[in-house]
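The values are calculated or read from the model by the stated rules, or taken from the named source; none is laboratory data. Just so we're clear, the structure is a prediction, and the values are computed from it rather than from any experiment. Ideal geometry is used to build each Cβ from the backbone, glycine not excepted, and the neighbour counts take in all protein chains shown.
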């Protein structure tokens, strides 16, 4: 039969199932096919902290949302147009986000009495009127998969497990996705289990053919490729981009990268990724704890490596003392904090921006540390390079504030030419200087020399005790301490003039309200700004990459607007810094739900502030 | 420093000879003396502190190794002993309480051309830094750890330490401490230490011989040094120093030699059926019954049994090298993996890495 083809400009799909149903993999494959097709996209994986919560329960639901379009998009989308629910728990957990008229594909095989009861459904919602406001496609996905795989020599369990590939095949048909990538992916993934490989490919193709032939779907959708600047592209997550940025920093500085890390969600993938790149001379050290991880990184920095440690908020708390030592010894060190919801263990797999104050002030004494925050998954690459540049040039620890949303989210990335990446000059102290002084500063940067062991004639001792200006000898002199505290602060403050100025997007030049964000909220804020402008509002937007120090023009930018709105996924930490620093009473908007902001929500906030003018 | 290549080895000056642990550390032709290793900093330990003797021993022994001074680094934690690096004219890093092994692990793992020494105390190494110590030992990181054990907290003015005897009356334990002490050597052997030794601050010759063996050991060497704190725990090791009794209680371990001791060699150690050691009169037993020390035995049970002989009462205290077995050091293993990766996959190509995975071109 001939299907009707409908053009769409964008779609938001959410795959939801039990944590064992392979939803992350399904979403990831759909994403890869979508990226290869040329749509712009943004993704939001959302999964429980438990590896396998009890099957079929609400806590065990894992989902993957993908927003793709024929134009440039900024967020993984507020609400899905399509929900694939592999069981009743997935339906119940996600139904609230579904707008009226959305497509709902449910796997009826899992809607058994027992599974329904597990999540408190007295009767199947598929069979009564409770889903009448959606376009429901009730399909026995599991049994169709098992039937399609009847001829394969695999267990019933293995056949059932391929249902995610059946669903993926169906969705690929529905949205005109290419399929070659997934077939070759399955060939690689199950290379050692040929029968399982063939079965999964068959399930994938059966899902596709089912869409083609069934009457359940009368319409097929097309979303044209987006306009992208010419170049070579790939899809990339924040954690992968960050790891690549660290490898690139090593290559562009000539410094061997040394990563000391202790596994922690959601940062572990950076350790995994870097451990695969030993051919670059990257050393990865899985330490006995967070403290040893940063300690080893600092020890490697002392020896002339690019020392890096990766963690999340609880790990930063443990590393604080060593970060302070790096401040005192003025050695380069990269500290990557992939923020998650806190305090304490908090919500390990959910995102938050509440470590800003910890990054700024979470140490004893006056211990200024530059702070850099990436704005999107692919921007994690540039942020890592920028952090490395500052760390090496200024001989200082630098904290990078990524977050769980950026870490696991993905987007297309135009792969940069290696030649276009900044060079980083280590500038090691030269051997055999007369009157070498380990704390004599460069007059311009205020950085001290990086004199690494093995350099003849520069033998010296560093440590956490206060050092005399210049000579670096231990000094208990109060006046010297006052001077050193101010010098360390001045060194970090001076970086303000060595970073890109805060850029304002104010197309009409007539905005009276500025929305200012930082880090991972860039996509949602930008999408909200677009909506406000589309509906006739006038709004300016700026986004901070450097949180410490702020770019030199920050105060001037803020003062040129009547009102400044600061949305943050915390209770107003940047707002407090801005108020404290500039005495500007910004309007703070805060939600801490473990999820990114929604564009529509922020658009409403911005409109309210504009209207109150 | 001329360059650090991808593997972190300093260019030039590498002498292939000598023990494996030091084979990558550049040697000097210049004649060194103790004076070369002294700094201009005023030494600020209390007069009479055992640390002075250890400092002098280290400064006078290092010239024997003939290493370039700039390729030696001392890393310490916090405590009286941890001031040590300031008095050594080498590279030095006075770090954080308990963390010296962790910091030194990063340094030693990335710089096989350095001889890296950790100076620590019983509180630093065994209390706040216990975790790092045991993990450095099991990994066999190329570190020489000098554990100054004075069985007391000195810098914080006299609280009991993890090696203080139970019941110790201190400022923080007016009715006596409740904690059972650690035996640092039993701990190190249990943590898979490959070189475990004990020496004493007052015996310069013995210190030298143990330090030398430690320096040349492949991987982590843990040297416990009994060190007198004459302010807060004076006389803690007096029985081992008192000429009238020391020979009768000090068991000097010599590898491959029967374990006999006493001024006239009149005492010996015999292994019991349970694996522990008992003290016997040499004259009363057949020579074949006397235990022969075997530091290189892969089975650590004999070394462990020897470590258990020591007690706060100093009935019998073995000193010397308890265990000295050969196992690849951590930096070697890591370097091998880097080399293997570069060999099997080719040296890293950044452009290829960035463009790996599924890509597409927009024209």
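For residue A:38, the conditions (1) more than 14 Å from chain B (Cβ to nearest Cβ); (2) in contact with a strand residue (DSSP E or B) (Cβ under 9 Å, 6 or more places away or on another chain) all hold with the exception of (1). Among the criteria (1) surrounded by fewer than 14 Cβ atoms within 10 Å (Cβ to Cβ); (2) more than 11 Å from every other protein chain (Cβ to nearest Cβ), the one residue A:432 does not fulfil is (2). Residues in region A:254-279 that are part of a loop (DSSP other than H, G, I, E, B), touching a helix residue (DSSP H, G or I) at 6+ places or on another chain (Cβ under 7 Å) and facing chain B (nearest Cβ under 10 Å): A:256, A:277. Taking the criterion of being assigned to a helix (DSSP H, G or I) and buried (at least 20 other Cβ atoms within 10 Å of the Cβ), the residues of region A:87-137 that qualify are A:88, A:89, A:90, A:91, A:93, A:94, A:110, A:116. Filtered by the rule that a residue be more than 7 Å from every other protein chain (Cβ to nearest Cβ), in contact with a strand residue (DSSP E or B) (Cβ under 7 Å, 6 or more places away or on another chain) and part of a loop (DSSP other than H, G, I, E, B), region B:309-363 gives B:309, B:310, B:316. Quickly run through region B:88-111 and pick out the residues that are buried (at least 24 other Cβ atoms within 10 Å of the Cβ), more than 15 Å from residue A:303 (Cα to Cα) and more than 7 Å from chain A (Cβ to nearest Cβ). Those that are buried (at least 24 other Cβ atoms within 10 Å of the Cβ), more than 15 Å from residue A:303 (Cα to Cα) and more than 7 Å from chain A (Cβ to nearest Cβ): B:88, B:98. For region A:18-27, state whether one or more residues are in the same structural domain as residue A:205 (by TED's automatic domain parsing) and over 24 Å from residue A:184 (Cα atoms). Checked against the condition, which is being in the same structural domain as residue A:205 (by TED's automatic domain parsing) and over 24 Å from residue A:184 (Cα atoms), region A:18-27 yields at least one hit. The set of residues in region A:469-486 being more than 13 Å from chain B (Cβ to nearest Cβ), in a loop (DSSP other than H, G, I, E, B) and crowded, with 16+ Cβ neighbours inside 10 Å consists of A:469 alone. Looking only at residues of region A:439-468 that are in a loop (DSSP other than H, G, I, E, B), over 38 Å from the mean Cα position of the chain (by Cα) and within 18 Å of residue A:326 (Cα to Cα), we find that the one that is farthest from the other protein chains (Cβ to nearest Cβ) is A:440. The requirement of being within 14 Å of chain A (Cβ to nearest Cβ) and in contact with a helix residue (DSSP H, G or I) (Cβ under 9 Å, 6 or more places away or on another chain) is not satisfied by residue B:163. Filtering region B:18-34 down to residues that are within 14 Å of chain A (Cβ to nearest Cβ) and without any contact (Cβ under 8 Å) to a residue 40 or more places away in the chain, which residue is nearest to residue B:206 (Cα to Cα)? This residue is B:32. Specify the residue that is farthest from the chain's Cα centre (by Cα); the eligible residues are those in region A:5-62 that are part of a loop (DSSP other than H, G, I, E, B) and within 23 Å of residue A:414 (Cβ to Cβ). Restricting to residues being part of a loop (DSSP other than H, G, I, E, B) and within 23 Å of residue A:414 (Cβ to Cβ), the top hit is A:9. Considering A:335, A:308, A:282, A:327, the condition of being within 10 Å of chain B (Cβ to nearest Cβ) and either under 23 Å from residue A:520 (Cβ atoms) or modelled with pLDDT of 95 or more (or both) is satisfied by A:282 alone. When the test is whether a residue is more than 14 Å from residue B:110 (Cβ to Cβ), at the interface with chain B (Cβ under 10 Å from one of its Cβ atoms), surrounded by fewer than 22 Cβ atoms within 10 Å (Cβ to Cβ) and touching a residue at least 40 places away in the same chain (Cβ under 8 Å), residue A:241 does not pass it. Note on region B:64-87: residues that are in a helix (DSSP H, G or I), at the interface with chain A (Cβ under 7 Å from one of its Cβ atoms) and under 16 Å from the mean Cα position of the chain (by Cα) amount to 1. Residue A:49 meets the stated requirement of being surrounded by fewer than 19 Cβ atoms within 10 Å (Cβ to Cβ) and outside the structural domain of residue A:413 (by TED's automatic domain parsing). Being assigned to a loop (DSSP other than H, G, I, E, B) and surrounded by 21 or more Cβ atoms within 10 Å (Cβ to Cβ), is that true of even one residue in region A:385-394? The answer is no; no qualifying residue exists.
Suppose the filter is touching a helix residue (DSSP H, G or I) at 6+ places or on another chain (Cβ under 8 Å) and either closer than 21 Å to residue A:594 by Cβ or in contact (Cβ under 8 Å) with a residue 40 or more places away in the chain (or both); does residue A:56 pass it? Considered against the rule, which asks whether it is touching a helix residue (DSSP H, G or I) at 6+ places or on another chain (Cβ under 8 Å) and either closer than 21 Å to residue A:594 by Cβ or in contact (Cβ under 8 Å) with a residue 40 or more places away in the chain (or both), residue A:56 comes out as yes.
Every listed requirement among (1) within 9 Å of chain A (Cβ to nearest Cβ); (2) surrounded by fewer than 16 Cβ atoms within 10 Å (Cβ to Cβ); (3) touching a residue at least 24 places away in the same chain (Cβ under 8 Å) is met by residue B:296 save one, (1).
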